[in-house]
Amino acid sequence: MIKIVTIIGARPQFIKAAAFSRVLREKYDPANPVKEILVHTGQHFDSNMSKVFFDELRIPEPDYNLGIHGGSHGDMTGKMIIEIEKVLFKETPDIVLVYGDTNSTLAGAISASKLNIPIVHVEAGLRSFNRVMPEEINRVMADHVSDLLFSPTKTASKNLQNEGIEHGRICEVGDIMYDAALYYKKLAKKPDSLKLEIEKFFLLTIHRAENTDNPAKLSAIIEACAKLPYHLICPIHPRTLQKLSALNITVPDNLMLIEPVSYLEMVWLEVSCEAVITDSGGVQKEAFFHHKPCLTLREETEWVELCDLGVNILTRAEDLYTSYIKMSSQSLEHLFEQTLYGYGNTAELILNEILKRYANG
Ligand code: UDP
């Protein structure tokens, strides 16, 4: 038997863990050669940022909930390292599995590496090459202490090789979020909180520190929304909402802020919108999965293949309208048929590789 301790803590990790956990249960239960112990650090804790994903996506109840959130990066990450180490001492797993690029990812990777427990990193090799981003630090550090790195794209694999990570540690398997997008699309549902019938709308999400923590940028984004031709529906991240109210920024009439939505509701919004406007990593790809053009409010992206293909444009808020016009004047549909992120069987590939490498101790 292989004992895995999986560390999760933030919304995108719940979605990735749901895809992996489903394959684990479907393929290998009841004579299960893999035992997964789920550790929720508590990084995201509001019911609509955490519990709703466990309930809706039927993620097993975490075995440990560390209840750690808020504070500075050092404070949060430090507390997580202390508590995760205690779990690892108690559970003595064969491997530790971490996802993505959050403080929970970093804490899990550091705790395991100091105890010489092999680390498996899912979504390895992504780079923005912007070291100001907290996520960039987290992912670089996690990659370099990981033993098995599951990269989602060719570019991500190349980034790892360029940093000197041996070929044998890298395994390119596609994007686990594509598995989730394919599987859950048929269950998509209109958000309960969306009372109005709106025929045409943009989907907007904003939560990156580079936008929320820069008052001029945040105001410019909100102002730019007023110039767009349709309504925008924005499931608002708690941090963004807090910044908007602290800065007293008035929201234009065509911008509808709603509570963060569940994943199935998010998929409905992605499938139903005209275009996606976002600074999220995951949402950029989901726009592609659901055949929607994407305008990304950032200076760079880790998902460069979408920009190369022409279905995603990096834009400043001031240029949002012209970027939209440029995008909408093109016929993009045929581009969405490209295979950029694997075939929707990433979770299975990950599980098979883990079994191959770790099943016999
Ligand atoms: N998401 C969601 N509800 C929301 C906003 C986002 O379910 O109200 C999902 C989204 O579909 C994607 C994931 O959360 O799967 C992305 O998370 P986020 O944008 O918070 O993080 P990032 O991908 O930028 O790390």
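The values are calculated or read from the model by the stated rules, or taken from the named source; none is laboratory data. All of these numbers come straight from a predicted model, not from anything done at the bench. Methodologically, a virtual Cβ is constructed for each residue, glycine included, from the backbone with ideal geometry; neighbour enumeration extends over all protein chains shown. Accessible surface is based on the protein model in full, side chains and every heavy atom, while ligands, DNA and RNA are left aside. Shrake-Rupley method; radii C 1.70, N 1.55, O 1.52, S 1.80 Å.
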Tell me the GluC sites (Glu not before Pro) within the stretch 176-276 that lie in a loop according to DSSP and have at most 12 other beta-carbon atoms within 10 Å.
Glu197, Glu199
Cα-derived Rg over Rh, computed across the stretch 264-360 with Rh taken as Kirkwood radius
1.08
Square roots of 5 times each gyration tensor eigenvalue, C-alpha, the stretch 166-307, largest first, Å:
26, 20, 13
Kindly give the semi-axes, whole Å and largest first, of the ellipsoid equivalent to the stretch 126-248, taking each as the square root of 5 times a Cα gyration tensor eigenvalue.
35, 22, 12
So if each residue of separation counts as 0.36 nm, and I subtract the Cα-Cα distance between Lys51 and Leu247, what length gain in nm does that give?
67.6 nm
Which log10 I(q)/I(0) values does the stretch 191-263 give at q = 0.17, 0.28 Å⁻¹ under the Debye formula, counting every alpha carbon as one identical point scatterer?
-0.62, -1.46
Any trypsin sites (Lys or Arg not before Pro) in the stretch 82-183 that lie in a DSSP loop and have at most 12 other Cβ atoms within 10 Å would be Arg131
Computed curve, the stretch 135-177, Cα-only Debye sum without solvent term, log₁₀ I(q)/I(0) at 0.17 Å⁻¹, is -0.41
Contact order relative to length of the stretch 233-311, as percent, for alpha carbon pairs under 8 angstrom and 6 or more apart
23
Take the alpha carbon atoms of the stretch 170-218, find their center, do the same for the stretch 250-313, and report the distance between the two centers in whole angstrom.
6
q = 0.15, 0.20 Å⁻¹: log10 I(q)/I(0) that the Debye formula gives for the stretch 28-168, counting C-alpha atoms only
-0.81, -1.31
Which ³J(HN,Hα) values in Hz, rounded to whole numbers, follow from the phi angles of the stretch 209-226 under the Karplus curve 6.51 cos²θ - 1.76 cosθ + 1.60, where θ = phi - 60° and Gly and Pro get x?
3, 4, 9, 6, 8, 10, x, 5, 5, 4, 4, 5, 5, 5, 4, 5, 4, 4
Give or take rounding to whole Å, what are the principal axis extents of the alpha carbon atoms in the chain, in descending order?
59, 43, 39
Counting residues in the stretch 285-325 as N, plug N into 2.2 N^0.38 Å and put the Cα Rg over that result.
1.08
How large, in percent, is the carbon and sulfur part of the accessible surface of the stretch 46-193 at a probe radius of 1.4 Å?
54
Viscosity 1.567 mPa s, temperature 4 °C, Stokes-Einstein D of the stretch 1-99 from Kirkwood C-alpha radius, µm²/s:
93
Using only alpha carbon positions, build the gyration tensor of the stretch 160-232, then give the equivalent ellipsoid semi-axes as the square roots of 5 times its eigenvalues, largest first, whole angstrom.
35, 24, 10
Average Cα contact separation per residue, the stretch 1-90, under 8 Å, 6 or more apart, as relative contact order %:
31
Fraction of accessible area attributable to carbon and sulfur, the stretch 258-361 (%, probe 1.4 Å):
48
Computed over the stretch 221-271: relative contact order in percent, which uses C-alpha pairs under 8 Å that are six or more apart
46
Send over a whole-number figure in Å² for the accessible area per residue of the stretch 118-235, probe 1.4 Å.
43
Probe 1.4 Å, protein heavy atoms only - accessible area per residue of the stretch 1-103 in square angstrom:
42
Any idea how far the Cα center of the stretch 110-138 sits from the one of the stretch 317-358, in Å?
22
